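The values are calculated or read from the model by the stated rules, or taken from the named source; none is laboratory data. Only a predicted model underlies this, so the values are computations on that prediction, with no experimental measurement involved. Note that each Cβ is placed from the backbone with ideal geometry, even for glycine, and that neighbours are counted across all protein chains shown.
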Amino acid sequence: MATESVDHVRIFDTTLRDGEQSPGATLTSAEKLEIARQLAQLGVDIIEAGFPAASPDDLAAVQRIAREVGTADGPVICGLARAVESDIRTCWEGVKDAAKPRIHTFLGTSDIHLQYQTGLTREQGLEVIRKSVTLARSLCEDVEFSPMDAGRTDMDYLIKACALAIECGATTINIPDTVGYVTPEEWYEKLSALIAETPGGGPGSGVIWSVHCHNDLGMATANTLAGVLAGARQAEVTINGIGERAGNTSLEEVVMALRTRPQFYHIDSGINTHEIIKTSRLVSNYTGMNVQANKAIVGKNAFAHEAGIHQDGVLKHHSTYEIMRPEDVGLSHSDLVLGKHSGRHALRARLRELGYEVTDEELAEVFRRFKDLADAKKTVTDADLEALVADQTQGPHEFFRLVDIQVTSGTMGMPTATIKLENGDGNRIVHAAVGTGPVDASFRAVDAIAQMPNTLLEYSVHSVTEGIDAVGEVTVRISPKDDPRSFGGYGADDDIIVASVRAYLAAINRMIAVTGAGGRTPEGEAATINL
Ligand code: KIV
Ligand code: ZN
């Protein structure tokens, strides 16, 4: 494979659009805004903020991101639109207030998509592309066109479709492997040929070629990098690789591959890699989608050395078994950070060093929890602190807040939980419930107060650090009754029952924020004592 000495590939982040299409990754608009702010900190060039025609809420979320994150020195804010007039006009409504707006429109061009999805002939497909790209360009100077399922599209037809989109004003041509079907070698060949042979799209034309790869065969990152080697100067990616089915190309993998192997790629992304871990955790906490421990770059084990021979080597020199430094992706390297005598200022300073700006209110609560933890645990690590902050600052919509919890369990009676919650009106409600175990009893007590019927789809616990006194992280996923959507929640505490209730409440708060239902206080119920 040949390399080229152009120095910048644009990073187009689609976490808030393709990523949010992952089953169960629904985000509230406040969470989308916060993620968009963090993506801007990370330094992405383009944020695909959503699919404005999908619903009024999606439109509103894109508009807010366009206004608040799409500043003159911020990223391009892009919206997705099917190749139909109403979608394109709604998309423009979504992005037009950004300093740098973009409309991204797409049409399936493979015979499979034409025949089975849109029922168009190839000729009719070209007519749709002509009309939609022309309309988009009449509204916005920056237009991206994607021939969906390009990986399985006949090459001659693909060239015609791309040439037409360019003729009608598209400034970026994105080539998607929608179903994750291609191999790196053929993708390289396909992209090279497309760039060379598409009329109006060659070097010097000003057209930016882009790649968008799915991970069905685990080749999304390799395919994206092959596309970059072939001349693509935009890579479409998501944080943690979330996206439809097996996901999209992961931003952190592409960025760190380019950065770690500059002599091979001769191209960089301009991403502030120190923000990678923080962004990964934010997205994981808000979507409730755990990152697998062995995931490249951002997995819990990505920089852990277990085998004695490896530990020995790294202690002698890190380069023996490390090709990247953990600090480069924003992982802290100090183990013991603060002790029980540390004050509020030291805590704020350490959080700043870790990249977290907290409000005074959040600091007060994190400080209280840090003190409890420092009393209970010999050492409080950066990882412990990050888990507490992630827990404390999540869920911009807090309808229910945990005030107190007491649980009894064991072999001598029925597991019982007494829970006190505060609702959005400031009312404090207590409820006691029994269950098959302490977590079940706690969730039942929460249910009795929150009155948000749901099914628990997933529940998982893992420890942040090693040892019996480690902080526990819990993620849950719930689905409202008679509603296919699902909502994730995250909680962290040195008591895993407390962490579980925090996670469950985060999911319930998210469910209330998105569905707009519930949040009712069950006043006057027999087993409930209002305080
Ligand atoms: O995978 C895909 O083809 C897409 C397009 C909308 C770009 O997500
Ligand atoms: Zn996609």
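Scan the stretch 323-354 residue by residue and report those that are part of a loop (DSSP other than H, G, I, E, B), at pLDDT below 85 and of a type outside the set (A, V, I, L, M). Within the stretch 323-354, S332, H333, S334, D335, G339, K340, H341, S342, G343 qualify. Against the numbered list (1) within 18 Å of I497 (Cα to Cα); (2) in contact with a Phe, Trp or Tyr (Cβ under 8 Å, 6 or more places away or on another chain), G424 comes up short only at (1).
Scan the stretch 133-144 and give yes if some residue there is more than 16 Å from ligand 2 (Cβ to nearest atom) and either farther than 28 Å from I77 by Cβ or basic (K, R) (or both), otherwise no. Yes, some residue in the stretch 133-144 is more than 16 Å from ligand 2 (Cβ to nearest atom) and either farther than 28 Å from I77 by Cβ or basic (K, R) (or both).
Scanning the stretch 178-216 for residues being within 12 Å of ligand 2 (Cβ to nearest atom), more than 19 Å from A163 (Cα to Cα) and among the hydrophobic types (A, V, I, L, M, F, W, C) gives a total of 2. Of V471, V476, V464, all but one fail to be surrounded by fewer than 24 Cβ atoms within 10 Å (Cβ to Cβ), over 24 Å from N427 (Cα atoms) and touching a residue at least 40 places away in the same chain (Cβ under 8 Å); the exception is V464. For the stretch 114-154, the set of residues classified as surrounded by fewer than 20 Cβ atoms within 10 Å (Cβ to Cβ) and within 14 Å of ligand 1 (Cβ to nearest atom) consists of Q117, T118, R152, listed by residue number.
Does T279 fit the bill of being in a helix (DSSP H, G or I), of a type in the set (V, I, T) and within 16 Å of ligand 1 (Cβ to nearest atom)? No. Counting just the residues of the stretch 248-283 that are among the small types (G, A, S) and surrounded by fewer than 22 Cβ atoms within 10 Å (Cβ to Cβ), which one comes out farthest from A36 (Cα to Cα)? Looking at the filtered set, the residue picked out is A257.
Quick grid of which residues meet (1) touching a His at 6+ places or on another chain (Cβ under 9 Å); (2) hydroxyl-bearing (S, T, Y):
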| position | (1), (2) |
| --- | --- |
| D149 | yes, no |
| A161 | no, no |
| C168 | no, no |
| P176 | yes, no |
| Y181 | yes, yes |
| T198 | no, yes |
| G202 | no, no |
| S210 | no, yes |
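A161 falls short of the stated requirement of being hydrophobic (A, V, I, L, M, F, W, C), assigned by TED's automatic domain parsing to the domain that holds T71 and part of a loop (DSSP other than H, G, I, E, B). Taken together, V228, V329, V237, V283 contain a single residue that is closer than 30 Å to I478 by Cβ, touching a residue at least 40 places away in the same chain (Cβ under 8 Å) and more than 16 Å from ligand 2 (Cβ to nearest atom), which is V283. Put simply, of D384, D391 the only residue that is within 14 Å of Y504 (Cβ to Cβ) and at pLDDT below 85 is D391. Can you tell me which residue in the stretch 1-16 is surrounded by the most Cβ atoms within 10 Å (Cβ to Cβ), limited to those that are modelled with pLDDT of 95 or more and more than 18 Å from T172 (Cα to Cα)? The selected residue is T15. Of the listed requirements (1) more than 31 Å from the chain's Cα centre (by Cα); (2) outside the structural domain of E473 (by TED's automatic domain parsing); (3) not small (G, A, S), R352 misses just one: (1).
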